[in-house]
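Asker: Mind having a look at this structure? Questions to follow.
The values are calculated or read from the model by the stated rules, or taken from the named source; none is laboratory data. All values derive from a computational prediction rather than experimental measurement. So basically every Cβ, Gly included, is an ideal-geometry build from the backbone, and we count neighbours across all protein chains shown. The protein model used for the area step is the full one, side chains on, heavy atoms only, and it has no ligands, DNA or RNA in it. Shrake-Rupley method; radii C 1.70, N 1.55, O 1.52, S 1.80 Å.
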Amino acid sequence: MARKLLMLLSFVGIFLILNSLSALALGITPGRTTLDFKPELKKSVDLIVINSQKSDLDLSISVQGELSKSISLRENHLQISSREEERKFSFDISLPNILEPGLHTAEVVIKQKSNKASSGPATIGTELAVATQISVYVPYPGKYVD
């Protein structure tokens, strides 16, 4: 029993080490974009995807979160060659006329297409993703303490 547990922990440890090494391959900057609310604000935001491992990357781009309907991507797919250290892309944000007071957020997620290794009935796959957060602050009416 102890031997099986040791083998399982060894496998998990090796998997985590290998998975953390691949996390060095992808980055995004800036990590957060903060906007003050203005009714019907339209803004273009530039992001840079960093290919630190200089490998060929096949990436998908998606939006999630409360403000996801206010963000339109110019492209949903991005390919970066091993010769490119970084790639710039943009998205547009169009805020509604009214939002409730407080903080509203969304995330633009860059996800590397999964690499699955199958050696029988079980499959192990990894998926690498990075996200940048979009924060919109809507002021409270009247006086308030921040």
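Asker: Quickly run through region 64-96 and pick out the residues that are in contact with a Phe, Trp or Tyr (Cβ under 8 Å, 6 or more places away or on another chain) and within 20 Å of T33 (Cα to Cα).
Answerer: Here is the first cut: in region 64-96, the residues in contact with a Phe, Trp or Tyr (Cβ under 8 Å, 6 or more places away or on another chain) are 71-75, 78, 95.
Those that are in contact with a Phe, Trp or Tyr (Cβ under 8 Å, 6 or more places away or on another chain) and within 20 Å of T33 (Cα to Cα): I71, S72, L73, R74, E75, L95.
Listed here are the residues, each with its yes/no results for (1) closer than 13 Å to G27 by Cα; (2) at pLDDT 90 or above; (3) open to solvent by 40 Å² or more (accessible area, probe 1.4 Å).
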| site | (1), (2), (3) |
| --- | --- |
| I93 | no, yes, no |
| I98 | no, yes, yes |
| A106 | no, yes, no |
| S114 | no, no, yes |
| S119 | no, no, yes |
| A122 | no, no, yes |
| Q133 | no, yes, yes |
| Y137 | no, yes, yes |
| P141 | no, no, yes |
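Asker: Which of the residues that make up region 46-61 are open to solvent by 40 Å² or more (accessible area, probe 1.4 Å) and either within 12 Å of V130 (Cα to Cα) or aliphatic (A, V, I, L, M) (or both)?
Answerer: Listed by number, the residues that qualify are I48, I50.
Asker: Follow-up question, since we're still on this one. Exactly one of these conditions fails for L57: (1) within 18 Å of the chain's Cα centre (by Cα); (2) over 20 Å from H77 (Cβ atoms); (3) not aromatic (F, W, Y). Give me its number.
Answerer: (2)
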